[in-house]
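Notes to accompany the following structure.
The values are calculated or read from the model by the stated rules, or taken from the named source; none is laboratory data. What you see is a predicted model; the values in this text were computed from it and never measured. Neighbour counts run over all protein chains shown; Cβ positions are idealised from the backbone, glycine included.
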Amino acid sequence: MSDCIFCKIVKGEIPAGKIYEDEELLAFHDVNPQAPVHFLVIPKKHIPDVMKLGREETPLLGRLLYKAQELAAELGCAEKGARFVINCKADGGQTVDHIHCHVLGGRPLDWPPG
Ligand code: 5GP
Ligand code: ZN
C-alpha cells in the first residue's frame, strides 16, 4: 500500500526507532508513547486490520505475538507484565490501517479503557 505509514516505515521511507526486524516482522517504538514501554510489532505484509485477517495468516500472527512477548521481556516487562493490544477499525480506535500489536508496560495500566 503506497499511502500506508507503516508500509513506508517497512520500506525505510519514514524513520522509526526500530527495535527488531526480520524478513516478516518489524518492531519500533511508538512515536507518541502512552507508557514507559510502548512499542508496536507489525507484519511487513500489509494486512489492514483484524477483520481482514485470513486463516492462512494465523501462523504469522502467532509469531508476531511471540516476538512481542520476547521484546517485552527484553525491555523489562517479564516480571510485572504488559498489555498487548490490537485495535481494530473505528470503534476499536484504530488510526493506522496496517495491523499492529501495541505493547505497553513499565507502569500499571488502567482497565477498562474509555
Ligand atoms: P492505532 O490507534 O492505529 O491502534 O495505533 C497507531 C499508533 O501508531 C499510535 O499509537 C501512533 O502514535 C503510532 N504512530 C502513528 N504514526 C507513527 C509513525 O510515523 N511512527 C511511529 N513510530 N509511530 C506512529
Ligand atoms: Zn501497510
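On the basis of being part of a strand (DSSP E or B) and within 14 Å of ligand 2 (Cβ to nearest atom), does LEU26 make the cut?
yes
Anything in segment 83-114 that is over 18 Å from ALA72 (Cα atoms), outside any loop (DSSP other than H, G, I, E, B) and more than 9 Å from ligand 1 (Cβ to nearest atom)? List them, or say none.
If the condition is that a residue be over 18 Å from ALA72 (Cα atoms), outside any loop (DSSP other than H, G, I, E, B) and more than 9 Å from ligand 1 (Cβ to nearest atom), then LYS89, ALA90, ASP91 are the ones that fit.
Does VAL41 meet the test of being under 13 Å from the mean Cα position of the chain (by Cα), in a loop (DSSP other than H, G, I, E, B), at pLDDT 95 or above and among the hydrophobic types (A, V, I, L, M, F, W, C)?
Against the criterion (under 13 Å from the mean Cα position of the chain (by Cα), in a loop (DSSP other than H, G, I, E, B), at pLDDT 95 or above and among the hydrophobic types (A, V, I, L, M, F, W, C)), VAL41 does not qualify.
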